[in-house]
Amino acid sequence: MMKTAICPGSFDPVTMGHLDIINRSRRVFDHTIVAVLVNPEKHTLFSVQERIGMLKRCTADMDDVEVVGFEGLLADYARQRGVTAIVKGLRALSDFEYEFQMALTNKRLNPNLETIFLTTNAENMFLSSSIVKQIANFGGDISQFVPVCILEDILARIREGGKGNE
Ligand code: PNS
């Protein structure tokens with residue numbers, strides 16, 4: 001039987017940390033669904049379609065990776081897709097409480113669903129989409145933090161004023 005995992009997130013924008021988790025999910029699962037949360041209430045730098053497009057470019061050479069948008073509860077989306085594993089990266093201790101809460105909630109909502117935490121690569125311990133946006137906003141060099149194929153998208157958006165879909 002083909003084993004599939006969902007890697008959910010906002011990916012605003014995708015970072016080297018996300019890409020590392022996606023690649024490590026690929027080592028364990030036959031198919032990885034990268035699922036971008038559609039949340040019109042949340043202010044983001046990139047629209048859902050832009051984020052999906054950027055993720056697709058970064059994973060273009062990965063036949064076992066699918067990029068989708070999802071609305072509503074992750075537990076329901078997993079059920080719809082017949083998927084029983086969520087893969088997430090766990091960074092510093094600060095991630096733990098929220099991730100633990102989400103994992104337990106998802107388990108209640110869908111008892112067939114397991115959340116698998118991959119310990120983040122030490123290099124990416126401090127990395128997050130918000131940190132990347134902050135550095136870029138202040139003119140810092142983000143080239144080592146994001147996949148090269150989306151670097152220009154971020155710089156262009158910042159040049160436009162970085163307002164995103166506000
Ligand atoms: O990259 P993020 O913003 O940390 O990802 C958070 C995400 C998308 C995984 C989480 O917000 C989510 O699963 N949202 C869908 C709504 C949901 O299922 N909520 C209940 C889980 S506690």
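Here the gap between N23 and Q80, fully extended at 0.36 nm per residue and compared with their Cα-Cα distance, gives a gain of 18.1 nm. Here's the list of lysines a cross-link from K133 could span, going by alpha-carbon distance under 22 Å and ignoring same-chain residues fewer than 8 apart: K42, K56, K88, K163. With neighbour counts taken as other beta-carbon atoms within 10 Å, the residues L93, L37 rank, fewest first, as L93, L37. With the simple model of a label 7 Å out from the Cα in the direction of the Cβ, L118 to S143 spans 2.6 nm. Sorting S129, S94, S10, S143 from the fewest to the most surrounding beta carbons within 10 angstrom yields S94, S143, S10, S129. For the stretch 4-159, the fraction of C-alpha pairs more than 21 angstrom apart is 45%.
From its DSSP helices (H runs of at least four residues, each -39,500 (n - 2.57)), the chain gives a residue-normalised ellipticity at 222 nm of -13000 deg cm²/dmol.
As a proxy for reagent exposure, E97, E41 were ordered by neighbouring Cβ count within 10 angstrom, fewest first; the result is E41, E97.
Ranked by the mean number of other Cβ atoms within 10 Å of their residues, highest first, the peptides 121-128, 17-24 fall in the order 17-24, 121-128. For the chain, the relative contact order comes to 30 percent (Cα pairs under 8 Å, sequence separation of at least 6).
Readers should treat all values here as calculations from the given coordinates under stated rules, not as data from a laboratory. Predicted model, so just to flag it, every value in this text is computed and none were measured. Backbone-built Cβ (ideal geometry, glycine too); neighbour counts: all protein chains shown.
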